[in-house]
Amino acid sequence: MPTYTFTLNGRSVSVDAPSTMPMLWVLRDLLGVTGPKYGCGVGVCRACTSHLNGAAFTPCTTAVSDCAGKKVTTIEGLANGSTLHPVQQAWLDEDVAQCGYCQPGQIMAAAALLKSNKKPTDADIDAIQNVCRCGTYARIRAAIKRAAGE
Amino acid sequence: MGHFDRALGRRRFLTALVAAPTLTVAARLGADALAPAAAGAVVPSPAQPADLTDFGDLMAAATAAETSLLVLQVTTDNRVVFQLPRAEVGQGVTTALAMIVAEELDARLSDVDTPLSDARSDMGLAQSTGGSTSVRSLWDPVRQVAAAARARLVTAAAQQWNVDANTLTTHDTAVWSPDGRSASYGSLSAAAAKVLVPAVSTAPKSTSAYTVVGQPTTRVDARDIVTGKARYALDQPVAGALPTVVARPPTINGTVVSYDASTAKTMPGVVAVTQIPTGIAVTAQTFGQAMDAKAALNITWGAGTIDSVSDSDIQGNLAAATPPLAPVLTPYVEGTFNFAFVSHAAMEVLTAVADVRSGSAEVWTATKSPTGAQSAVASAVGLSTNQVTLHVVRGGGSFGRRLFYEPAVEAAQVSKAIGRPVRLMWTRNDDMRHGRLRPRSYHRVRAGYALGNVTTYQHQMASVTVDFSGSDTGTLLANDGYASPTIGTAFFGISEACPYNFGVVTEALTEVTYKMHTGSWRSVYSALARTAEEIIVDELARAMGQDPVAFRLQFLKTDAERAVVSKVASAGNWGQAMAAGTAQGVGFHQEYRSRAACLVNIDCTTSTPRVTRAVLAVDVGRPVNPKGLQAQAMSGLMDGIATVLYAGNHLKNGAVVEGSYADFHYPRQATAPRQVDVYVLPATGSTPGGAGELCVPAAAAAVANAYARATGTKPRNFPINF
Ligand code: FES
Ligand code: FES
């Protein structure tokens, strides 16, 4: 079985896995990193959203081989030690979460959006595809605007 | 009902000291858990059953025989621990209960822990979560137990300092003396455990002294959630628990005739292939490998239980089963309505971890029926109930779904068969195609009016039978003699009431049974029956030449009900000029001893209608956490938008067509309102009503009514875009 090496939340890791194994299961089942959640496995719910070289990606549809040599960040790696990322802090300030299951993905999607777009408009926020079955959309929108300094 | 102490205005709960090295106080939960409603209003329409007894009251009555204890403990490291006999699925009950404990104990909220109790067979049905009853049922006993604990801590401090206990105060998880000395609760706990007769009152404080209850408060688990630390069932660190998925039939309740796993077993990572009653389970090192091997199974499936049945058949049978409405001699409005099947589609699919050994089993799952799940697991693997430890873990949404516990049973069956601990997951496809559905329903409504009054209101609803079996709700209703003629009609009787003075009111449910997976879906019948009713209310107003808001204010029965409608009308700028193709709509609902109104603005100028703005007002009698109540209102709003405009399931030849959020169109940001305002009305009573399901019917109705006004149509079939 091939070995793949990548940077996970700032640390170099190596795993033995078939090349096509989806990164979601590499993270969750082989490495015990459970922040990224399964919601569909086919790229439509975005609950698993994490960062690959700083951009949002869905580990459930990304093979481990496509992550080799890259920087993978999950929700566990977003904060700087005990200092929350501004998006996480905004999520606390707006008390966004309900069941919380979609929120790692929502936060990672919002953090990636704000990285490339410092002042997202309502239309930009509308383009976020992550499902929240608890319906926290209004607070997500408010939290993104708060994190953007509005 | 339990004994109602009129002198106090609410029941007293006996509390007791539990023999323990540190302070541990218990109160009995059961007979006294819910206060009966105040007497009804003065109304021309006679009270319907739901006006007098609702599910919450029934739950109290049905659990009256239980003598289970709620236990509060103060540890030597100054933690206040209340083992919460409820499920946390996003509704915020851990936060609300921590607030109530902190309030009565004068503890810092951050010093209070509310872990979810393992299944407690002594507690039985009193441990179930449902019917928006959690805060209602725990409010009195938890306040009592915390107040009793506080009195013992104060007494212990007075003894240590040799001062009059009445001179001491409490705040910040400590007792304080007038000279400035203080002692933490943790340091007093051992001494307090020996206080048999407290020297100060053990009565809960007066509501005017509240500093925690009623304050908008962030969830106690918010930081764990945003940092990824919050653990759901599959995230539990159970060593060696192997990923497992189940191959399920192509049609509902199909069975395995034969299967060939020879290819699957040779695939990478595969550990075991096991037949269980619901399909063929594949266990592997990772879920990806388990799913790949599942796809490689060669299974011959037998027929399911409804293979020849599609939506149109059911709709026809429901219509045929619905009793005709009585003719009316006055002018009238009427409508027939159809609501499609709807999946719960909780974000976290159904999951459980199980470790079954000889003579014992341990299970981790998010369930709202823990003792039901515990005994189902026990009988599935041939153990006695007390040999099964069932840990209730946080759930990723429920909406009624987690009253049922299929994954716990399946995980236990597989674990027993292979002799290893397993983590069992339903895939999203499984969840939508073999999970439970809100039943399809059909409604005939007719309302007659004369001389400015509504004189008759008739509503005949027919629904595919809600299968409550396999949930504590079903057990509870059956135990209480409500199984005849069906549990569903009984539940309908205690949950549905027309809130308007509409003269002679007739409402009834007829159920048509299909052998398929249905279940209670957030607000059960209300989001169906009340939405149809609220649409007719708007049509009555139009026929009688009245404004929909003014009409509701005239015909609602109580001032409290009118207050929430008035609030959304003023805050939502009701009657504002709206562009062509856009409109406002309102809806109202009362249940669970609470009331809510919703006003929405809708834009129907494109093929995908969108609610652009929403205003909700909720009156729950006594708000515990306004922020949490706002969250529940927003969530109910989204369920209303979803089920009226976009989200439903088709049944075709015995199978559910939709398989994921790609075709089950739950809203996303682009179809959610950009502006939502929720007003939690100040306390109007001494006790909290229910809130978890309250806003779904009001919101669904507001969306349907706004759609009707924007498009000039009479919406009858839901979801509208289906
Ligand atoms: S699990 Fe749904 S997009 Fe990855
Ligand atoms: S918070 Fe529950 S799915 Fe988003």
Classify the protein assembly as shown: rounded, prolate or oblate, from the alpha-carbon gyration tensor (a ≥ b ≥ c, eigenvalue square roots; a/c under 1.5 rounded; otherwise prolate if a/b is larger than b/c)?
rounded
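How many Å² of accessible area per residue for region A:3-77, probe 1.4 Å?
Working: 2720 Å² over 75 residues.
Result: 36 Å² of accessible area for each residue.
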Show me, for region B:405-413, the HN-Hα J-couplings you get by feeding each phi into the Karplus relation (A = 6.51, B = -1.76, C = 1.60, θ = phi - 60°), rounded to Hz, glycine and proline as x.
9, 3, x, 5, 5, 4, 4, 5, 4
Per-residue ³J(HN,Hα) for region B:564-570, Karplus 6.51 cos²θ - 1.76 cosθ + 1.60, θ = phi - 60°, Hz, x for Gly and Pro
6, 5, 4, 5, 6, 5, 6
Interface B-A: total buried accessible area (1.4 Å probe, Å², nearest 100) of 4400 Å²
Other protein chain Cβ atoms within 10 Å, averaged over every residue that makes up B:392-399
4
Note down the relative contact order for region A:86-147 as a percent, whole number, built from C-alpha pairs under 8 angstrom at least six residues apart.
58 percent
Using θ = phi - 60° and the Karplus form 6.51 cos²θ - 1.76 cosθ + 1.60, what ³J(HN,Hα) does each residue of region B:686-694 get, whole Hz, x for Gly and Pro?
8, 10, x, x, x, 9, x, 10, 3
Under 5 Å between amide H atoms, partner at least 5 residues away or on a different chain: which partners does residue B:247 have, H built in plane at 1.01 Å?
B:280, B:281, B:282
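Please tell me which of these pairs span more than 20 angstrom C-alpha to C-alpha: B:229/B:368; B:368/B:416; A:37/B:229; B:205/B:368; B:567/B:627; A:70/A:115?
Details: B:229/B:368 22 Å; B:368/B:416 24 Å; A:37/B:229 12 Å; B:205/B:368 31 Å; B:567/B:627 18 Å; A:70/A:115 18 Å.
In this structure, B:229/B:368; B:368/B:416; B:205/B:368 lie more than 20 Å apart at Cα.
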Quickly rank B:685-694, A:135-144 as a protection proxy: mean count of other C-beta atoms within 10 Å, highest first.
A:135-144, B:685-694
Note down the relative contact order for chain B as a percent, whole number, built from C-alpha pairs under 8 angstrom at least six residues apart.
14 percent
Among B:213-226, B:566-579, what's the highest-first ranking by average C-beta atoms within 10 angstrom per residue?
B:213-226, B:566-579
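Using a 1.4 Å probe on the protein heavy atoms, what percent of the accessible area of chain B belongs to carbon and sulfur?
Working: 12450 of 23810 Å².
So the carbon and sulfur contribution to the accessible surface is 52 percent.
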With springs connecting C-alpha atoms under 10 Å apart, model chain A as a Gaussian network and identify which of A:17, A:112, A:90 has the largest mean-square fluctuation.
A:17
Cα-based reach from residue B:652 at 16 Å (exclusive), listing lysines while leaving out same-chain residues under 8 positions away
B:515
Long-range amide H partners of residue B:678, meaning residues 5 or more apart or on another chain whose placed amide H is closer than 5 Å, are B:616
Note to self, chain B gives a 222 nm [θ] from helices alone (DSSP H runs n ≥ 4, -39500 (n - 2.57) apiece, / all residues, nearest 500) of -9000 deg cm²/dmol
Rounded to a whole number, the mean other protein chain Cβ count within 10 angstrom for residues of B:655-667 is 3
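Can you bin chain B into rounded, prolate or oblate? Criterion: square roots of the alpha carbon gyration tensor eigenvalues sorted a ≥ b ≥ c, rounded for a/c under 1.5, prolate for a/b above b/c, oblate for the rest.
Oblate shape, in that a/c is at least 1.5 and b/c is the bigger or equal ratio.
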Highest-first arrangement of A:99-107, A:44-52, where packing means the average Cβ count within 10 Å
A:99-107, A:44-52
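The values are calculated or read from the model by the stated rules, or taken from the named source; none is laboratory data. A quick note: this is a predicted structure, and the numbers were derived from the prediction, not measured. Every residue, glycine among them, receives a Cβ derived from its backbone with ideal geometry; neighbour counts consider all protein chains shown. For accessibility, only protein heavy atoms count, side chains too; no ligands or nucleic acids. Shrake-Rupley method; radii C 1.70, N 1.55, O 1.52, S 1.80 Å.
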